[in-house]
Every structure is written in C-alpha cells, then in structure tokens.
Amino acid sequence: MKITNNYEGASIRIEEIDNKKNEAILSIKKEGKNYGYYYNFCVSSGDNVATIHIKNFEESSYYEKGNIPVPYIRDKKEWKKINKENFNSNDDKDIIITVPKEQEWEISLFPRYSRIDLENFLNTIKGNSRIKIKEDPIKEIVIGDKSKPTIVIIARQHPGETLSSFFIEGIVEKIIYEEKYLDNNCFMIFPIVSTNGVKNGNHRLTDGIDYNRSWAKERLPEEIEYIQKRMNQCKVKMFIDVHCDEITNKDYIRTNNKMYGQNIAGIQVLEDMGKIRRFLRALIKQRKVINFSNLTAREYVSKKYKCDNMLIELTLKEDAKEEKNKGKDFIEGVLKNG
Ligand SMILES: [Zn+2]
C-alpha cells in the first residue's frame, strides 16, 4: 500500500508500514504539548485489502470516550462518510480503517478545504463587478461599497475547522445573489485566516499559536495584523467569527445583540457565558485551561469597535453537505432587519 501526506491540508504522521501484511500504523500530529484532532491522508491499497491503524486520537484534547467521529472518504469527487464496515474505533484504543484492494481513497476527519478549494470557489464568482478580491497577505473578499457600514466576517482562525469554509461559501453566494443586502452594507470577508495552519493541516494552532487568542498581543500574527489594519479603514458595523465546536451536537451562536432573540435561521442563540463558566466548560469538556489575559477576536473587537459581534460554532457531528445552505440561511437571518 502507499500512504501520501505531502499535499496542502494533509495531516498525519506515518509511523510504520508493513508491506507483508499490507498494514500501516499512523498517528495524528502533535500540536504543542497535545495531539491535534483533524487528520487527512491518501491511501492506495494495492493488490490486497489494506489495514490502517491511527494512533493517539484518544490523546487529543477534543477526544470524547465512546464518541470517535466516523471520517469522510473521497474516492472520486464527492465526500461521503466512510461505510461502517470499513471503520472501527476499537473500543477507543485506536482507529482502524480497512480499504478494499485496488482502491485510492482520501481519508479525512472532515472534508478537506484548503487554499486551492477557496481559489476554485473564487473563480466561480470573479466576474461580478461588486466583488473585489485581494490576495496579499491573505485572501480578502470585499463585496459592495466600502464607504458603507461594513460587516466583517472571518473563518479558519483554527485551521482544522474545515466545515466553516463551506458555510462561508454559502454566505458569499447569498450576498451576491440578494443584491438588496448591499444597499446598506459592505462586506469584508477573510475566508482563511490562518494560511500556514491550513496548508500544514493543523487543527487548532499555527506555529504553536492560537490565532483566536492573539488579537490583543503585542506581536500579532501577520494575518491578524492585516485584518485589524483593514478594519481600521472602514466603519465596522458587525463582526462575525465562524468556528466549529468538536464537542457540541448542535450549532450555536453567541452575540452581544439581544435583538436576535433565541435563534437565527434555526441556529440557537445561547447566552454569553461568563468567564467562570467558560473556564469550567473548557476544563471539563476539553481538559484545557483558558488563559483569560489573551482576549479572543470577538472580545478584542467588541472592546475596540463597540460593534455588534457574533461567534458561530458549527457542530462537527452533522453531515457536511448542509453547511453551504446553512451559511445562506444564516446570513439571510442576520440581515432580515437591514
Ligand atoms: Zn475554533
């Protein structure tokens, strides 16, 4: 068999390949002191059934006992969940995937979405005269007239949260299609904040740094410095930060604007949690200690611009195919009142 892990958005360590048994031992990648979560690689099984073991998943901060997610595969074009008979979480000891003979599969915890996918998407919307796309230092989509109040939308501060990219595609398509949204608003969208993290297939960190907790630091990551510079050049009306939550079963939103009530387009709006509750939740559910001296993007923006702000956490437990439609419905819900 052959395992490939040297392309954008791939993420796995090859520990050992036994060609006699056609068996491979792989490990998810380390991030800082802990193991990440996201994994992605390609396998070509050869003349026999291939068996793949993925180690150390239970060492991830996001691992939940008895709840190891079934990964996706892509054999030709479409992503789909791997068949149950090809996946075994082995009583939480390791993950075992069997690949029938003469198959070439890409295997991914969630559908891979790298800069190439973004490029392909942008090619489908480029002709529109209301859209400006900037390249450096990160991809930026500006839709509408920059002198109008601006809604800033970002995603992939945490590189492994790939589903948020499909959600962003839906948002962008909806805005372009419903031109009325541009009467009162301009949109500034940064679909992939952590360029290197996405390229390297990281889950949460980029070069050991949590981008979402770097907004108020003295030395900013280049991408965040640029986003802040751009935000200073416009009238920020709202800030939306899209994430995925490994633990939750249901999407949720947190916002400082009470006007939205209990849900936006069917996505529940939860009350902003106080620091103590957030600290405990992270400690209990993710075995993670939050350092509150580092403000999150939303906390920083809220303080500095006094604008509406929103955090969206998409569950990773639903089918990924829905994310694009969810993005469309969500932005429609947000903009219903102007
Ligand atoms: Zn996140």
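The values are calculated or read from the model by the stated rules, or taken from the named source; none is laboratory data. Worth saying up front: this structure is predicted, and the values here are computed from it rather than measured. With ideal geometry, Cβ positions are generated from the backbone for all residues, glycine too; neighbour counts draw on all protein chains shown.
Residues Arg278, Arg254: which one is among the charged types (D, E, K, R), surrounded by 15 or more Cβ atoms within 10 Å (Cβ to Cβ) and not assigned by TED's automatic domain parsing to the domain that holds Glu31? Spell out how you get there, then give the answer.
Numbers: Arg278 fails: surrounded by 15 or more Cβ atoms within 10 Å (Cβ to Cβ).
Going through Arg278, Arg254 in turn, the sole match is Arg254.
Run Asn325 past the list (1) at pLDDT below 90; (2) surrounded by fewer than 16 Cβ atoms within 10 Å (Cβ to Cβ) and report the number of the one that doesn't hold.
(1)
Looking at (1) on the phi > 0 side of the Ramachandran plot; (2) surrounded by 20 or more Cβ atoms within 10 Å (Cβ to Cβ); (3) hydrophobic (A, V, I, L, M, F, W, C), find the lone condition where Met310 falls short.
The failed condition is (1).
Counting only residues that are out of contact with any helix residue (DSSP H, G or I) (no Cβ under 9 Å at 6 or more places or on another chain) and touching a residue at least 12 places away in the same chain (Cβ under 8 Å), how many does region 33-70 have?
Looking only at that region, the number is 21.
Given the condition on the phi < 0 side of the Ramachandran plot and touching a Cys at 6+ places or on another chain (Cβ under 9 Å), answer yes or no: does some residue in region 131-141 qualify?
No: zero hits.
Considering only residues that are part of a helix (DSSP H, G or I) and aliphatic (A, V, I, L, M), look in region 145-169 and name the one that is farthest from the ligand (Cβ to nearest atom).
If we take residues in region 145-169 being part of a helix (DSSP H, G or I) and aliphatic (A, V, I, L, M), then Ile168 is farthest from the ligand (Cβ to nearest atom).
Hey, among Asp75, Asp47, which residue is closer than 19 Å to Ile17 by Cβ and acidic (Asp, Glu)?
Unique residue meeting the criteria: Asp47.
Name every residue in region 183-218 that is more than 16 Å from the ligand (Cβ to nearest atom), of a type in the set (A, V, I, L, M, F, W, C) and at pLDDT 95 or above, in order of residue number.
Cys186, Phe187, Met188, Ile189
Taking the residues in region 219-234 that are hydrophobic (A, V, I, L, M, F, W, C) and under 22 Å from Val172 (Cα atoms) as candidates, determine which candidate is farthest from the ligand (Cβ to nearest atom).
Cys234
This table checks each residue for (1) at pLDDT 95 or above; (2) touching a Gly at 6+ places or on another chain (Cβ under 8 Å); (3) assigned to a loop (DSSP other than H, G, I, E, B).
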residue	(1), (2), (3)
Ile25	yes, no, no
Tyr38	yes, yes, yes
Asn48	yes, no, yes
Lys65	no, no, yes
Ile68	no, no, yes
Lys77	no, no, yes
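Out of the residues in region 170-212 meeting the condition of being touching a strand residue (DSSP E or B) at 6+ places or on another chain (Cβ under 6 Å), part of a loop (DSSP other than H, G, I, E, B) and among the aliphatic types (A, V, I, L, M), tell me which one is nearest to Phe239 (Cα to Cα).
Once the filter is applied, the top-ranked residue is Val193.
Looking at region 235-261, which of the residues that are at pLDDT 95 or above and hydrophobic (A, V, I, L, M, F, W, C) is nearest to the ligand (Cβ to nearest atom)?
That would be Cys244.
Taking the criterion of being under 30 Å from Pro137 (Cβ atoms) and at pLDDT below 95, would at least one residue in region 81-88 satisfy it?
In the first step, residues of region 81-88 are kept if they are under 30 Å from Pro137 (Cβ atoms); the result is none.
Checked region 81-88: no residue is under 30 Å from Pro137 (Cβ atoms) and at pLDDT below 95.
Select, from Cys307, Cys244, the only residue that is in contact with a Leu (Cβ under 9 Å, 6 or more places away or on another chain) and closer than 25 Å to Ser165 by Cβ.
None of the others qualify; the one that does is Cys244.
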